[in-house]
1. From the helices alone, meaning DSSP H stretches of at least four residues, give me the mean residue ellipticity at 222 nm for the chain, per-run term -39500 (n - 2.57), in deg cm²/dmol to the nearest 500.
2. Taking square-rooted eigenvalues a ≥ b ≥ c of the alpha carbon gyration tensor, is the range 59-183 rounded, prolate or oblate, where a/c under 1.5 means rounded and, failing that, a/b exceeding b/c means prolate?
3. Under the 0.36 nm per residue contour assumption, what length would be gained going from the current alpha-carbon distance of Asp422 and Ser536 to full extension?
4. Based on the mean of other Cβ atoms within 10 Å per residue, sort peptides 188-194, 393-399 so the most packed one is first.
5. I'd like the Karplus ³J(HN,Hα) series for the range 226-236: coefficients 6.51, -1.76, 1.60, θ = phi - 60°, whole numbers in Hz, and an x wherever there's a Gly or Pro.
6. Among bridges DSSP assigns within the chain, what percent are antiparallel (round to 5)?
7. At 0.36 nm per residue, minus the direct Cα-Cα distance, what do Thr187 and Arg520 gain on full extension? Give it in nm, one decimal, please.
8. Only Lys, Arg, Asp and Glu count, each charged at its Cβ (+1, +1, -1, -1), so figure out the dipole size of the range 128-286 about its Cα centre, rounded to 20 debye.
Amino acid sequence: MGNWLVNHWFSAAVIAAWLGINIFLFTYYFLFFDRDERYFYTREILGSALAWARASAKCLNFNSMLILLPVCRNLLSFLRGTCSCCRRTLRKQLDHNLTFHKLVAYTLALFTAVHTIAHLFNLERYNRSQQATDGSLAAVVSKLHLQSNKWLNPIHSNRTTPEYMAFTTIPGLTGVIITLALILMVTSSTEFIRRNYFEVFWYTHHLFIIYFAGLVIHGIAGLVRGQTEESMEEAHPRHCAQYLTDKDCRHRCCKETEFGSIPAESWKWVLAPVLLYIFERILRVWRARQKVVVTKVIMHPSRVLELQMQKKGFHMEVGQYIFVNCPTVSLLEWHPFTLTSAPEEDYFSIHIRAAGDWTESVIDTFQQQKPEMPRIEVDGPFGTASEDVFQYEVAMLVGAGIGVTPFASILKSIWYKFQHADQALKTKKIYFYWLCRDTGAFAWFNDLLASLEQKMAESGKADFLTYRLFLTGWDTSIANNAALNFDTATDTVTGLRHKTIFGRPMWNTEFSAVATAHPRSVVGVFLCGPEALAKSLQKSCHQHSSLDPRKVQFYFNKENF
Ligand SMILES: Cc1cc2nc3c(=O)[nH]c(=O)nc-3n(C[C@H](O)[C@H](O)[C@H](O)COP(=O)(O)OP(=O)(O)OC[C@H]3O[C@@H](n4cnc5c(N)ncnc54)[C@H](O)[C@@H]3O)c2cc1C
């Protein structure tokens with residue numbers, strides 16, 4: 001538990017605050033609509049479904065206000081930049097933006113279900129009270145003021161059905177539309193759809209425009225009503241309710257009860273985040289329109305394309321990523337790629353691995369060597385967890401396959417820092433682990449590792465970087481070759497000084513070794529790789545962090561492709 005807290009206390013606090021506000025809003029407004037005397041007659045018709053519908057509506061507003069914030073990439077980058085002086089725990093939270101976005105989305109789905117079911121009951125009960133001829137209080141108040149605007153029951157005729165109300169009134173129709181939009185967005189965001197049909201997920205997610213437009217106008221018709229303040233003073237339900245069902249005394253004993261709508265308020269909740277998001281999108285379009293010059297195109301083994309580019313005013317930090325659009329391939333699709341260049345270089349670069357139709361087409365387009373270089377548009381850079389590597393004294397960098405890209409940038413930057421004898425470098429030791437399925441992949445960054453190895457040895461800091469390359473897929477010819485050349489100075493697979501290890505890393509052994517070598521350090525563990533690997537690294541971080549804050553602590557940071 002103690003170890004878990006080292007890595008998660010701030011996330012837990014944020015979730016607890018968010019959950020607390022949801023519980024507070026729901027409970028407070030449930031009790032309010034269940035007890036407030038202005039809704040005495042409304043409750044007479046609707047029963048507790050009124051409180052269920054209104055309390056869930058408040059939580060829907062609150063969560064709709066939050067849902068866009070975690071996907072404002074520029075806002076997050078800005079916060080990350082301005083928080084650079086803050087504790088890394090705070091900055092680390094910004095990497096959980098998508099987890100929080102999903103959590104809020106599922107909560108929206110839950111409250112939408114509660115709200116919709118409650119309103120289905122409400123429609124049925126409004127209809128039943130309108131049709132009732134039994135002289136009950138619900139039936140009497142349902143028939144008040146049908147010719148003026150002071151009515152309580154929105155169903156004014158015996159011929160109106162709940163279905164008619166659901167599809168012809170503003171709240172009914174917008175309710176149906178935004179519920180459908182939400183269902184489509186949530187169902188198309190499953191891991192399966194995102195991994196296999198990303199475009200379906202991406203385009204469907206833009207139904208959020210309809211969702212917010214519908215939400216803003218959903219309440220403007222004000223169909224759910226309560227007694228007006230003036231009417232409460234003149235005909236308080238505590239005194240007058242009993243006379244309403246009394247035909248002889250009804251008009252004599254009390255003034256006529258009048259009703260008014262609850263003002264629409266969703267727009268007040270969502271206006272600021274929607275404006276922020278619109279600004280974010282305009283900024284993206286503006287930035288994307290600035291000219292990008294592709295200065296070099298390199299084709300690496302295993303169908304990996306490296307693009308080196310320049311753009312006026314482009315500034316990057318290590319480990320950041322950009323969104324790339326290639327209009328020749330698709331006008332609308334933007335794909336994220338981590339920068340593999342160092343901030344010290346006069347260009348920025350990305351490595352694109354063929355993963356699907358878009359990346360395949362981009363690689364083919366650049367391989368065709370047309371007289372004119374295909375155009376590239378770039379949005380970004382945006383921050384990720386890897387930016388924080390230099391905040392730690394000791395860092396463990398774990399890259400799987402193409403997940404090595406953020407670390408390439410970091411390692412290059414270190415190379416430059418060593419060249420310029422940068423005294424401000426806080427990091428004292430880096431452990432770099434790279435797991436690859438095939439040997440071709442190692443060729444991407446061999447040159448970089450080889451020159452780093454040489455530079456560190458020359459500057460007497462050979463110990464600064466320990467790297468371990470793991471080959472997780474191999475055939476007998478590779479294994480035999482390695483066995484035959486076991487005692488050569490360089491590795492047969494990579495040509496580097498460190499020998500390639502066949503198989504997967506034993507994380508417990510690796511973490512124990514790091515903990516023993518740095519018993520009083522704060523170690524940043526950075527992963528760019530699959531979820532399964534993230535789980536085992538996270539577990540190792542918990543297991544090997546000491547409960548004593550003066551002793552070794554492992555902080556886990558993850559970037560997912
Ligand atoms: C922050 C980040 C950094 C990345 N850095 C690199 C990198 O340096 N090098 C590299 O080769 N790959 C990187 N990727 C992955 C790269 O974005 C996808 O491989 C690429 O978008 C695949 O597109 P596709 O249409 O060819 O393949 P598809 O078959 O459409 O998708 C293959 C996989 O990529 C994901 N994907 C597809 N489109 C997008 C998108 N627009 N945004 C996010 N994910 C998408 C899908 O979920 C799927 O799992 C990165 C991804 C992220 C999120």
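1. For the chain, the value works out to -16000 deg cm²/dmol.
2. On the way: a/c = 3.83, a/b = 3.48, b/c = 1.10.
Here the range 59-183 falls in the prolate category.
3. On the way: separation 114, 0.36 × 114 = 41.04 nm, distance 3.45 nm.
The Asp422-Ser536 span can extend by a further 37.6 nm.
4. 393-399, 188-194
5. Karplus-based 3J(HN,Hα) across the range 226-236 equals x, 6, 6, 4, 4, 5, 4, 5, 8, 9, 5 Hz.
6. Taking every DSSP beta bridge with both residues in the chain, the antiparallel ones total about 45 percent.
7. On the way: separation 333, 0.36 × 333 = 119.88 nm, distance 4.67 nm.
My answer for the length gained is 115.2 nm.
8. Numbers: 15 positive and 14 negative charges, 51 e Å.
That gives a dipole near 240 debye.
Each reported figure results from applying straightforward, stated rules to the coordinates on display, with no laboratory input. What you see is a predicted model; the values in this text were computed from it and never measured. Every residue, glycine among them, receives a Cβ derived from its backbone with ideal geometry; neighbour counts consider all protein chains shown.
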